[in-house]
Each structure stands twice: as C-alpha cells, then as structure tokens.
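Asks: Mind having a look at this structure? Questions to follow.
The values are calculated or read from the model by the stated rules, or taken from the named source; none is laboratory data. This one's a predicted model, so the numbers in the text were calculated from it and none came from an experiment. Here Cβ is always computed from backbone atoms with ideal geometry, including for glycine, and neighbour counts include all displayed protein chains.
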Amino acid sequence: MAGFDESIRHLLRRAGFGASPQELAYYGELGRPAAVEALVDYGQFDDDVDAFIGAPGYVSVTARGTFAPNTVINDARQRWLFRMVHSARPLEEKMTLFWHNHFATAYSKVAGAYGASDATRLMAAKASEDPAKQQGQVETIRKMCMGSFRDLVIAMAKDPAMLVWLDGRFNTRQKPQENFGRELMELFSMGVGFYTESDVYAAARVFTGWNLKRTAAGTGDLSPVYEFAYNAASHETSAKTFSFPVYADGSRTIPSRSAADGMQDGIDLITGVVSYPATARRLVTRLWNCFVSELNPPPEAFVNEIADAYLANNYDLRLVMRRLLRSADFRDEANYFTKYSWPAEFVARSLKEVGWAGFSVNDAVSQMVNMGQVLYEPPDVAGWEQGPGWVSTGGMLARLNFAAQISKAQVTGLVNAVKPYAKTPDAVLSYFLDRLTPSPYDNAAYGDLRSYLTASGAWTGSDTQLRTKVPGLVHLIVGSGEYLFV
Amino acid sequence: MAMTRREFLRNGAGAFTIGLAAPAFLAELARAQGAGSRSLVVLYFGGGNDALSTLVPYTDTFYYSRRPTIAIPAGDALQIGFDRGKTALGLHPRLTGLRAIFDDGRLGIIQRTGYENSSRSHFLGQDIWGSANPVNPQTNGWLGRYLDTLPSPVNPLVAWDALREVPRALMGDHVSVPAIALASAYTYASPNAGTEAALERSYTQRIASHVPADRPHLAFVNGSIDAAMNTLDKVALVTKYESSLTYPTSGLGVTMKTVAGAIAKGVGTKVFWVQLGGFDTHASETTAYPKLMTELNDAVSAFYSDLRSQGLLNQVLLMTFSEFGRRAYENGSVGCDHGAAGLMFVMGGAVRGGLYGTAASLNPDPKNPTLENSGGDVHYETDFRSVYARVADGWLGTDSTALLGGDFRRPDLAFI
C-alpha cells in the first residue's frame, strides 16, 4: 500500500469511491495519467459488476425472499451500493450519482402514482432484466452520464419517472403546468437569476403535450410499459418568447408551429438552455464542487476554460471530465480533502478501506437514512443539501455508528492484517492511518488516538488486546471529522 | 385532581391555570415561571402550502369558479366566523382538532402573510423565510441569530432540529443546532462493550474537542460531533417519555410526542424545528391535501391536549409557516402551481386566538388589490417579519429590531 503516490488516492476518492487495496495497487501501477484515462474511458472494462452480487468475496446483500433490484426499491439501493464498492468503472457510478442528484427525482412520488413495484422499475430497472424492457431513470442516466448534456436533458424531459415527478403528464394547453419548465431553468440548467417568471409560464406552454403512456397487456400484466408519448392535441401552438436567446442566431422566440410539429418546441428550448453560457458556468461550478473542492472556489480561468470546452464540443461530458481530472487545479494538493463526503461516498469508501467480509450493504442502506442520503429518494428536486449540509449531530452519530458496525464486523480481518505491526502501538496506529487514508490529524488529535490504545492498560500486542483496541481504533478514525473529508 | 408537592413543583403552577378558575397570583406565577422555560416550536409546511385550502373563504364565489375541482365545498368547511374584513372563513374539514383549539381561544390564524415580490422558487423562498432577509437571503437564519445572542455557556440542547439537516433558519455563528430526526436512533454504538465502549465514547469526544484554527471546516465538523456527544444523554432521557395520551403513529405524530417529551422532561430547549412535507400539490391535491391536514390535525391536537393536561401549555408557542402560498386558480392536474402569500398559525397557552388580517378576494380583476400577478396570486398583507417580530419581542424576549435588522413591529398583531 505504502509507496503509491497520494495523488492516486486523491484521484480515486474523487473519481470513484476510494480504493480497496487491490484497486490502489492496480491504479498505482498505471500511474496517474493512465489512471485518469482508465477511469474516464471506462468502456474498456466489462459492465458485469452485477453478476458478482451474492458471490463469495464480495460485500453481501440481504433479500427478503428473492433479491429483486428491479422491482423492490430497497434491493435497488443495495445493488447501487454494491456497484459503488465493486464496479470496475467507478467514475461511471460517481457520475450517475452526480446526475441523480442533479435531476433529483424521488421514488416515493412515483410510487404514489403507480405503486411500489412499477415505481422501482421506473427508477432503477435494467432494461435487459425487465420483462417489458423498461429502463429506470437512473439506468438511463448511467448510460448517458458521460455523453452529451443536451441528450441527457432531453432524455430526462422524456423520462417517465420525471414526467410523474414534475407533473409533466398533466401539462396541457388548456392548463399549462409549470413544475417542469421552472425546474428545467432553475435547477437543471442556468439557475436562478437568469430567467424570469414569464419565462416559466412560457416554458410550461413549450412542454404542453409531453406526456407518458402506460400500456398493459391486460389486467393481469404485472409489467406494463411506460413510455414517453407526445400528445399533439394537448400542445399549445402559439409562439413562445423568452427573456434569453433560445436560438444560436439570438432569437428569443420559439415560433408558432402546428400541433403535430409542436414537440420541437421542447427540443428547441432544451437546446437553448444547455447552450446558454450561464448553464455552462453553473455546470462547471457544480462539477468543481463535487470533484475538485467545496472549500476553495473555482478559479475564473478554470471555469472559463471548461465552460468553453463544453460549449465548443457539443456539451460533451466525457471531454469535460477528462479536462477536469487532468487539470492542475484538480491535482493541486491544496484541494486534497476539501470536500465533505456524501454519505454514499463515505459508506462505499469505508467498506473498501476497512473491509466488507460478512457485511451486508443492507445495513448501510438503513444507516444512510440517518446520515441523510437515501438513494432514489432525494429530499426534493434540488437534490441533497451538500457540503456542510451533510453535517449535523444526528448525521455524525450515524456515521460514527456505521463505523462501529463495520469495525466490529471486520475484527478478525483487521487483527490479522495488523499483526506484523503489533509490537508497538505506534506501528499499529501508523498502519491504520495509512490504510484508512484520513486527512492529516493535528498533533493533539494524533496524541488522542495514540493514547486511546494504551488507555486501559499497557501495550502487549496480545490477541485479546488487539481484538478490543483494533476495532475501537478503526471506529475512532472512520468516525472522526478528519475521515469525513475526501 | 390531587397533586403532590413534588408534582406541583415539577409541573409548575401552570397546571392550575387550565380549566380552573385559578387565583390571579397563580396565573401570574405561571407566566413569570414560564419566561425562563419557554419554548418556540416552528412547524414548517414544506413545499408551499395551499392556504386557500387550509382556510376557506367559503362565501367567495370566485373561490369556487376559479377552483372548480379542488375547492373545499362550503358545506364541508369548519366555519370559524368572520375576519375584520367581514369575510366568512372555515378551516379545512380535517382540521377538527384545530377548530376546537380555535374555539378555546388558543389558535391564532394570520392571513395573507408574505413579502413584496414573493419568490416562486421553493429554495429561494425557504432561504428568505429562514434568513428573514428577502434582499440577501444567503445569510444566517433569524433563529440562529437569536441563539447567538444567548449568554454562554449555551445548553447544547438549546435548539432541537427534528430534521436530518439543519435549515437556514437555525444557522448561526456560534450555536450549532443538533439534528435529532429520530430520538430513538440518536445513540452512540461501539464495537466493544462495557468500559471499553465508554472509553471509546470519551475518546470520540476528545478527538472532536480540537478546533484547529487553520481548518475551520474541520472545526465545524468536530463541533457537530462534540455537540452530538453533549446531547446524547438528554435525548436518551426524552426517549423515556411516556404520555398518558395516545399520539398518532405518523411522522409528525412521533415528532410532536418527542417535542412534548423534551418539554415535559425539562431539557431546556428553547427552539424546536419540525417539518411536515408534501405540500407541493401541483397535482392530485384532492387526494394528497386531506391526508396532510389529517396528519397535521391529529399530531398537533394530541400535542396540545398532552401539554394542557400537564399544565405546560403556557410554556409553548407553536408557529407554522410555508415558503409560499399557491395560485388562486387550479391547474389542469387537480392541483395548483406556486403562488405568493400564505397563512401562519400560532398556537399556545399564551396565544390570543382568532383571525388576524383579512382574506383576499379572489376576483380575477387585475385591479383587485388583494391579488397580484394579474389576479393570479394572493398578495401579502402582513409581512412575515412582523409575525417574527411579535414572536421575538413577545415570546423569545429579544429585541426584534436588532434581530430582524429593522422595525417590523405591528401593534395590531398582538397574538401573544
């Protein structure tokens, strides 16, 4: 473990979910530039992580009856955590999580409309595993998370779960419904300050008729198909004028069109907002906060450069991410440990670093409720409150308690691993600081960790002592503020 | 009702003031005693409450013409009389318990609360209501600023946030508010047992007690861990609270029982923050809204009765708000979109109940001064900061003009 460039660990904490010893060895051998390529160009690695669910050597899942991640939301949550821990494409999972937060759609509202099983399908089903080839929203995101942002927004505008979540299915010319049109501008693209209330009303009219269709083969069909359907009869055909340019020539008006052609209104508006400079800058800033730093603001030159690259390359997210991860700002040591880990990052990383033998991600799913992040259930359309927003007394207790749970589950493995260093408490501490990669402890906190090891008796390094002090130490480290930062 | 001396001391003289013709000096005593142990419970209706379904202007014909499918039928509204503008008003039919509290004179309803140029964004709206600063809403919260004025050392449980994240309203410079969404899960686990577990707990706190000056973000996280450790035992005490009353098992019911427990156990909390979500009723309001009103009514009624039976009602002021009201007319999905002014409830033993302010006329005439946005949304009449000001001056005992950065006091808004 030791000897690898700290920049590799930093890269994997950000572009992935931390590193297991095997991952650290693999990416360390590649070296930084090749590691970035391997993470970004992940298509070279098999997309087969789900095949290992339930296999020995992997973190386990807990099913009530059959494990059914396409129709039972708790199982979908377990599958996603499993992928975060084990995927050979960590950046794919990270980007999927990033966009899940960006297009924050909550399962519960979809379940209110179509029931628990279909709502899980609409959020999480893999088309290849669904009897009706239904693809859940987050699977769509996973497939498109590094493609064109324009294509991604269009896919989200047509996504059945989104059409339920933001009530697009009720948006008709008789009664335009503002929910989606507002959030498209406020949250999905340019942000507050760049559009007006009358733009919201116009955007609502633009998307009139964007609906979904549910097709069942009969009353007994347990897997009806939900798909986007443009309903021309519901579309409002008059021209729509905005306060910002919608078209490349600067025109602010979407022309009046026949109802049959009216779906183009929405495509035009999406194209307009994704190509708006404020959208580019907002996206770059959000990516900076998720991948580079929440404590240090992005330099103007960084925002300009990446925003320009986004605008000049058809909103290509893979190109954006490659530039970001290769940038001097990303590599700058001043940006190490300057991000508050999301609960999903914290859970996956600690499992990779502490170990997962005999542990079920189901226990993580329940602790994540108290940490403040339930996958497929963002609190509202703005997504999770990040940065210091993750930090609360209850949230910190939940992280501490998760650390207690995994350190207890890994006693034997941790004790065996540290035995070669068990002669002195300093060596034990040094081993775990290296293995668990917390941000640096100041002298006083380091002294506390050191004194914990001998607080209840002189150091002997006996099995009995190790079996008490090792999980206790791991609990203290993983539950500390220093570990929270990535 | 027999009461031992010990119970008298514990429950306070307030126990005598309800339902009995208590001697005047006892009532005074109760009030004076309450000053030191007053609690404010803020209940936030998340998502933008449709105030026109909460408090129904059931004789306004425009109410029915503009809301043909979502209007509450006149015959169903729980009539509570007229406001000073002579508009007849009724509560949502599910609010039977709140009506009873209104009849007790302990529920105030402040109509058309809001502010100029009301934001239709949930998030900006929350920040504005939280900071009490429409111009610069990305600042500390109005209650956080209040907590910052309290003399040190501050009780670590001086405020109790019943959410998983801390809302802007509670953000301050000095006091970090514990987030205790579920008191029963607010515990410290250890891989060890007995003295070793206790040792770990003490070391968790020792490590978190360091506040490195050059790493303010780490100091902030450590402050949260430290606050968690300092509040564990008191919260555990609250979880032992047994009420003689049955609370509903809904999320809000469980939370209100916990709040009552914290008040009854005397843990010294001055501000509670509670949320009921789901008010963003763009669609299917006729299904969703009655459920919300039931959850609200049953939880708050139980809370009220519980406190009253223990003589604690005079120690509590409950105040509700939402980030905006909803549109005057319905949309095509049996719901309504984001609007402007809403309403606020205030409830407690010291509240002067009744209707404050005047209802909007829903006449769509663009010149109708009680509406805005071309007759689409309800225009505010009472600046929400005037309500905050009354709470600050009349309940929290802090100077509202300093707290709110301006004079929002309104003598006619004497609900407490």
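Asks: Being under 19 Å from residue B:288 (Cα atoms) and either aromatic (Phe, Trp, Tyr) or touching a residue at least 40 places away in the same chain (Cβ under 8 Å) (or both) is the requirement here; does residue B:95 meet it?
Replies: So residue B:95 fits the description; yes.
Asks: Now for a separate question. Scan region B:122-158 residue by residue and report those that are surrounded by 22 or more Cβ atoms within 10 Å (Cβ to Cβ) and of a type in the set (Asp, Glu).
Replies: B:127
Asks: Something else: Consider region A:341-363. How many of its residues are more than 14 Å from chain B (Cβ to nearest Cβ) and either over 30 Å from residue A:54 (Cα atoms) or part of a helix (DSSP H, G or I) (or both)?
Replies: 10
Asks: Does residue A:441 satisfy the condition of being touching a Pro at 6+ places or on another chain (Cβ under 6 Å), within 11 Å of another protein chain (Cβ to nearest Cβ) and of a type in the set (Ser, Thr, Tyr)?
Replies: When the stated conditions are applied, residue A:441 does not pass them.
Asks: In region B:82-103, which residues are assigned to a strand (DSSP E or B), surrounded by fewer than 21 Cβ atoms within 10 Å (Cβ to Cβ) and of a type outside the set (Gly, Ala, Ser)?
Replies: B:82
Asks: Next question, about the same structure. Would you pick out the residues in region A:461-481 that are of a type outside the set (S, T, N, Q) and surrounded by fewer than 24 Cβ atoms within 10 Å (Cβ to Cβ)?
Replies: Listed by number, the residues that qualify are A:461, A:463, A:466, A:467.
Asks: Quick test for you: out of B:87, B:61, pick the one residue that is free of Cβ contacts under 8 Å to residues at least 12 places away in the same chain and out of contact with any strand residue (DSSP E or B) (no Cβ under 6 Å at 6 or more places or on another chain).
Replies: B:61
Asks: I've got another one for you. Could you tell me how many of the residues in region A:384-398 are β-branched (Val, Ile, Thr) and part of a loop (DSSP other than H, G, I, E, B)?
Replies: 1
Asks: Within region A:470-484, how many residues are more than 7 Å from chain B (Cβ to nearest Cβ) and either at pLDDT below 95 or farther than 18 Å from residue A:451 by Cβ (or both)?
Replies: Residues meeting the conditions: 2.
Asks: A further question on this structure: Spot the failing condition for residue A:382; the list is (1) in contact (Cβ under 8 Å) with a residue 24 or more places away in the chain; (2) buried (at least 19 other Cβ atoms within 10 Å of the Cβ); (3) facing chain B (nearest Cβ under 10 Å), and only one is missed.
Replies: (2)
Asks: Of the residues A:456, A:451, only one is facing chain B (nearest Cβ under 9 Å), surrounded by fewer than 17 Cβ atoms within 10 Å (Cβ to Cβ), polar (S, T, N, Q) and not in a helix (DSSP H, G or I); which? Even if it seems obvious, please write down each step before you answer.
Replies: Working: A:451 fails: not in a helix (DSSP H, G or I).
Just a single option satisfies the conditions, and that option is A:456.
Asks: Just for region B:207-227: of the residues that are over 35 Å from the mean Cα position of the chain (by Cα) and surrounded by fewer than 20 Cβ atoms within 10 Å (Cβ to Cβ), which one is nearest to the other protein chains (Cβ to nearest Cβ)?
Replies: Going through the qualifying residues, I end up with B:212.
Asks: Follow-up question, since we're still on this one. Would you be able to say whether some residue in region A:407-423 is in a helix (DSSP H, G or I), of a type in the set (Phe, Trp, Tyr) and either away from chain B (no Cβ under 12 Å) or more than 22 Å from the chain's Cα centre (by Cα) (or both)?
Replies: Within region A:407-423, one or more residues are in a helix (DSSP H, G or I), of a type in the set (Phe, Trp, Tyr) and either away from chain B (no Cβ under 12 Å) or more than 22 Å from the chain's Cα centre (by Cα) (or both).
One line per residue, one yes/no per condition, for (1) under 27 Å from residue B:69 (Cα atoms); (2) part of a loop (DSSP other than H, G, I, E, B); (3) away from chain A (no Cβ under 14 Å); (4) out of contact with any strand residue (DSSP E or B) (no Cβ under 8 Å at 6 or more places or on another chain):
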| residue | (1), (2), (3), (4) |
| --- | --- |
| B:297 | yes, no, yes, yes |
| B:302 | no, no, yes, yes |
| B:332 | yes, yes, no, yes |
| B:347 | no, no, yes, no |
| B:350 | no, yes, yes, no |
| B:366 | yes, yes, yes, yes |
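Asks: Next question. Condition first: surrounded by 20 or more Cβ atoms within 10 Å (Cβ to Cβ) and either without any contact (Cβ under 8 Å) to a residue 12 or more places away in the chain or charged (D, E, K, R) (or both). Now tell me which residues in region B:244-269 satisfy that.
Replies: Matches in region B:244-269: B:257 only.
Asks: Hey, another quick one. Does residue B:161 meet the test of being touching a strand residue (DSSP E or B) at 6+ places or on another chain (Cβ under 7 Å), within 29 Å of residue A:338 (Cβ to Cβ) and either at pLDDT 95 or above or surrounded by fewer than 17 Cβ atoms within 10 Å (Cβ to Cβ) (or both)?
Replies: So residue B:161 passes the test.
Asks: Ok, one more. Which residue pairs have Cβ atoms under 6 Å apart, sit 6 or more places apart or on different chains, and have a first residue in region B:404-416 that is of a type in the set (Val, Ile, Thr) and a second that is at pLDDT 95 or above?
Replies: B:416/B:350; B:416/B:351; B:416/B:394; B:416/B:395
Asks: Go through (1) β-branched (Val, Ile, Thr); (2) free of Cβ contacts under 8 Å to residues at least 40 places away in the same chain; (3) not in a helix (DSSP H, G or I) and name the single condition residue A:338 misses.
Replies: Unmet for residue A:338, out of (1) β-branched (Val, Ile, Thr); (2) free of Cβ contacts under 8 Å to residues at least 40 places away in the same chain; (3) not in a helix (DSSP H, G or I): (2).
Asks: Can you pull out the helices (runs of 4 or more DSSP H) entirely within region A:117-202 that have at least 2 residues that are in contact (Cβ under 8 Å) with a residue 12 or more places away in the chain and over 28 Å from residue B:119 (Cβ atoms)? Give the steps one after another, and end with the answer.
Replies: Values: elements: A:137-144, A:149-158, A:160-165, A:179-183.
By residue number, A:137-144, A:149-158.
Asks: Only one of (1) surrounded by fewer than 24 Cβ atoms within 10 Å (Cβ to Cβ); (2) in contact (Cβ under 8 Å) with a residue 12 or more places away in the chain is not met by residue A:349, so which one is it?
Replies: (1)
Asks: What number goes with the only condition from (1) within 30 Å of residue B:175 (Cβ to Cβ); (2) assigned to a helix (DSSP H, G or I) that residue A:472 does not pass?
Replies: (1)
Asks: For the subset of region A:10-51 comprising residues that are part of a helix (DSSP H, G or I) and of a type in the set (Asp, Glu), which member is farthest from residue A:350 (Cα to Cα)?
Replies: A:37
Asks: Select the helices (runs of 4 or more DSSP H) contained entirely in region B:104-208, then report the ones holding at least 3 residues which are without any contact (Cβ under 8 Å) to a residue 60 or more places away in the chain and out of contact with any His (no Cβ under 7 Å at 6 or more places or on another chain).
Replies: Counting at least 3 such residues, we get B:122-131, B:194-208.
Asks: Follow-up question, since we're still on this one. Consider region A:138-177. How many of its residues are over 30 Å from residue A:198 (Cβ atoms) and touching a Leu at 6+ places or on another chain (Cβ under 8 Å)?
Replies: Taking region A:138-177 first, the residues over 30 Å from residue A:198 (Cβ atoms) are A:138-147.
Applying the additional criterion that residues be touching a Leu at 6+ places or on another chain (Cβ under 8 Å) yields A:141, A:144-147.
Count: 5.
Table: residues versus (1) charged (D, E, K, R); (2) not assigned by TED's automatic domain parsing to the domain that holds residue B:269.
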residue	(1), (2)
B:139	no, no
B:145	yes, no
B:152	no, no
B:161	yes, no
B:167	no, no
B:175	no, no
B:181	no, no
B:191	no, yes
